[in-house]
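Novice: Okay, handing you the structure first.
The values are calculated or read from the model by the stated rules, or taken from the named source; none is laboratory data. All values derive from a computational prediction rather than experimental measurement. Every residue, glycine among them, receives a Cβ derived from its backbone with ideal geometry; neighbour counts consider all protein chains shown. Please note that ligands, DNA and RNA were not included when accessible areas were found on the heavy atoms of the full protein model with its side chains. Shrake-Rupley method; radii C 1.70, N 1.55, O 1.52, S 1.80 Å.
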Amino acid sequence: TTTLPPTTTLLPTTTTLPPTTTLPPATTTLPPTTTTPTTTGAPRCSQITTEEIPKWLTVKDLELPGRMRSCRGTFEIQMSCRHAYYAASPATDYHAMVYNDYTDAAWVVLFGADDGIAKSMKIGSEKVRGLQFDPSGRHLVALISGGTNRHRSNSSFVKMKVPSLDIVWSKPVFSPMVGMEKWTPDNSDHMAIAEDRYVLHSGGECYEGWCAGHQGDLYRVLDATTGEPRDNEVKDWVASHSCKQMIAYNEVADSFLMADMGDAYPKAIQFTAWHKEHLGTDLEIPGWASPGGRQGFTNGAIKADPWGEGFAAVWSHGERYDDSDKLFFAMINASRDPREITFLTPPKQLFPDSGTRTQIGSNLAALGGGKWLVAYTDSWRNRINDHMLIWFEDWRIPERTRKEGTKLAIVDSSGELVGSPVAVFGLGGAFMPIEINHMMRRPGGIGWIGLDGPDSKQVKVMQLRCTPDAPPA
């Protein structure tokens, strides 16, 4: 039992939506607009250097089935208007994105090995919140909102076959205690997909009882085959005031690692390991916060080590309200016994001599050989002017910073930089989105996507081409 602070006044959560418009056709196949080189002669991912990144980074511009929607509302609580969720897997040549178009329709777009669009399909008309492949690469799973500001509405997992995108099942996912449509962070990593279970880690406002009116997190589990809830593997309220969530699945250890970025209980990043029915102890990284939504942690990501039982994490944090955000890295052990959660590499600032410069919008992907590709946006000064905005998916970052600030770095498992970071914008217009971004391992390297913001008609498909190391036996 935890004593909670008095309920704070929440922001208004209603805005006027535009009239319903006619949706585009449900399925569209579009040709690519450019050609993409092959990986012939590409270095091994575990041996690539930052100096080689410009040679092996490719960018392709593709037309979307429908243009991106426009932003509406002070905090853009309604729908995603700037970014899309991206999914890829080393188990399949296909990769994919999910986004909301100008009519609010939720589209899944499937890309082929050549980065052209293989197929696209409309799967709903509510806010998109996530997309991942299962470990086999044979299925794609999307997370769709139950209706923004509809406090007790259910979200949905939608399981699709690859490459047909035939829907295997669409099932509700919900909590009897915590809603997922009010004070639910827009730009968190909410889902992790194992071969036998699909896990949602989200946050929202408590309906009633001891936590009524407060915000906290939850995790729910669906059976991968049937889509039915696995009620013996769920929990409400792992952390109070969970302003942002992260989660990842490690196939080697068959375990999950969750993280909550909190502003009250705790004022910290709280890492929690989970293996099937067993919830582990917590690791915490303290930070500043003013309960009510503002905190020093802006964003981050967790990724599993494909060759071991650990996880790597990156995040940005400013020591005080007006400080520039700095980029941190850690390695975490989360074996089959979640009680053994420990830091393999304690939290380490990657650029301790960066002065007033800021690093935000971080993500990472495993290269192999104990190395990680880390992406972030660099700027000469603090860019988080309103810490309430970090809940949502438009932080009002200047466009020049968005496009020209992206850098890629290589970090080893001890948190040491390998070579010097490289700026990528001059390389075919490549960039890494800030508020919502995903770097994913592919059979031919590391991939991600980016859009040019509201009303965008195109998506950039980007890949660092390299030859992956063999998976563990």
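Novice: For segment 351-473, what is the relative contact order in percent, using Cα pairs closer than 8 Å and at least 6 residues apart in sequence? Could the numbers behind the result be given before it?
Specialist: Details: 218 pairs, mean separation 26.5, N = 123.
22 percent.
Novice: Let me ask you something else. Mind jotting down the distance between the C-alpha centroids of segment 114-190 and segment 414-428, whole Å?
Specialist: 33
Novice: Let me ask something additional. Per the helix-only calculation at 222 nm, which mean residue ellipticity applies to the chain, given -39500 (n - 2.57) for every DSSP H run of n ≥ 4 and division by its residues, nearest 500 deg cm²/dmol? List each step's numbers first, then the result.
Specialist: On the way: 2 runs with 10 residues, N = 473.
So the helix-based figure for the chain works out to -500 deg cm²/dmol.
Novice: Tell me, what ³J(HN,Hα) does each residue in segment 445-455 have, in order and in whole Hz, if you take phi through Karplus 6.51 cos²θ - 1.76 cosθ + 1.60 with θ = phi - 60° and put x for Gly and Pro?
Specialist: Result, ordered by residue: x, 10, x, 7, 10, x, 10, 7, x, x, 6 Hz.
Novice: Using heavy-atom solvent-accessible surface (probe 1.4 Å) with all chains present, what is the largest-first order of 223, 263, 231, 353?
Specialist: Details: 223 35, 263 0, 231 115, 353 150 Å².
Ranked list, largest accessible area first: 353, 231, 223, 263.
Novice: Report, in listed order, any pair from 60/348; 159/303; 159/460; 122/457 with a Cα-Cα distance greater than 28 Å.
Specialist: As for pairs spanning more than 28 Å Cα to Cα, those are 60/348.
Novice: Using the charge dipole of the chain (Lys, Arg: +1 at Cβ; Asp, Glu: -1 at Cβ; taken about the Cα centre), state which of 433, 454, 334 has its Cα farthest towards the positive end.
Specialist: 454
Novice: Hey, of (1) 1.53; (2) 0.89; (3) 0.95, which did the structure itself give for Cα Rg over 2.2 N^0.38 Å when calculated?
Specialist: Computing Cα Rg over 2.2 N^0.38 Å and matching it to (1) 1.53; (2) 0.89; (3) 0.95 gives (2).
Novice: Could you state how much accessible area residue 193 has, in square angstrom rounded to the nearest 10, with a 1.4 Å probe and all protein chains kept in place?
Specialist: 10
Novice: OK, next. Go through 210, 466, 239 and say which Cα lies farthest out towards the positive end of the charge dipole of the chain; charges sit on Cβ, +1 for Lys and Arg, -1 for Asp and Glu.
Specialist: Result: 466, furthest along the dipole toward the positive end.
Novice: Taking the Cα atoms of segment 334-437, report the difference between the largest and smallest coordinate on each principal axis, in whole Å and largest first.
Specialist: Largest first, segment 334-437 extends 44, 33, 26 Å along its Cα principal axes.
Novice: Out of residues 5 or more away from residue 240 or on other chains, whose amide H comes under 5 Å of its own, with H placed 1.01 Å from N in the peptide plane?
Specialist: The list, which skips near neighbours in sequence, is 265.
Novice: Below 8 Å between Cα atoms, with a sequence gap of 6+, how large is the relative contact order for the chain in percent? Don't jump to the answer; show the numbers that get you there.
Specialist: On the way: 1345 pairs, mean separation 74.4, N = 473.
Relative contact order for the chain comes out at 16 percent.
Novice: If you don't mind, there's one more thing I want to ask. List the residues, sorted by chain then number, that are 5 or more residues from residue 442 or on another chain and whose placed amide H is less than 5 Å from its amide H.
Specialist: 447
Novice: Okay, moving on. Normalized C-alpha radius of gyration of segment 231-325, against 2.2 N^0.38 Å? All intermediate terms of the calculation are to be shown ahead of the outcome.
Specialist: Working: Rg = 14.0 Å, N = 95, 2.2 N^0.38 = 12.4 Å.
Its radius of gyration relative to the 2.2 N^0.38 Å reference: 1.13.
Novice: Taking amide H positions as placed 1.01 Å from N in the peptide plane, with prolines and chain starts having none, which residues 5 or more places from residue 280, or on another chain, fall under 5 Å of its amide H?
Specialist: 273, 274, 275
Novice: Could I ask something else about it? Explain nothing, just compute: Karplus ³J(HN,Hα) = 6.51 cos²θ - 1.76 cosθ + 1.60, θ = phi - 60°, for every residue of segment 117-127 in order, whole Hz, x for Gly and Pro.
Specialist: Working through the residues one at a time gives 7, 8, 6, 9, 8, 7, 10, x, 9, 10, 4 Hz.
Novice: Let me have the relative contact order for segment 229-269, percent, based on Cα pairs under 8 Å that are six or more residues apart. It would help to have the intermediate numbers written out before the result.
Specialist: Numbers: 50 pairs, mean separation 15.3, N = 41.
37 percent.
Novice: Aspartates and glutamates near residue 403 by alpha-carbon distance under 19 Å, same-chain residues fewer than 8 away left out - which ones?
Specialist: Excluding near neighbours in sequence, the set is 61, 325, 378, 393, 394, 435, 452, 455.
Novice: Mind listing the phi-derived Karplus ³J(HN,Hα) values for segment 384-391, rounded to whole Hz, using 6.51, -1.76 and 1.60 with θ = phi - 60°, and x for any glycine or proline?
Specialist: Result, rounded to whole Hz: 9, 8, 9, 6, 6, 5, 5, 5.
Novice: With the cut-off at 14 Å, report for segment 336-385 the share of all Cα pairs above it, as a whole percent. Before the final figure, lay out the partial values.
Specialist: Numbers: 844 of 1225 pairs.
In whole percent, the share of Cα-Cα pairs in segment 336-385 beyond 14 Å is 69.
Novice: Next question, about the same structure. Using the 4.7 Å Cβ rule, please list in number order the cysteines from the chain without any candidate partner.
Specialist: Taking the Cβ cut-off of 4.7 Å, the unpaired cysteines of the chain are 243.
Novice: Which value, in debye to the nearest 20, describes the size of the charge dipole of the chain about its Cα centre when Lys and Arg Cβ atoms bear +1, Asp and Glu Cβ atoms bear -1, and nothing else is charged?
Specialist: Details: 46 positive and 54 negative charges, 177 e Å.
In debye, rounded to 20, the chain gives about 860.
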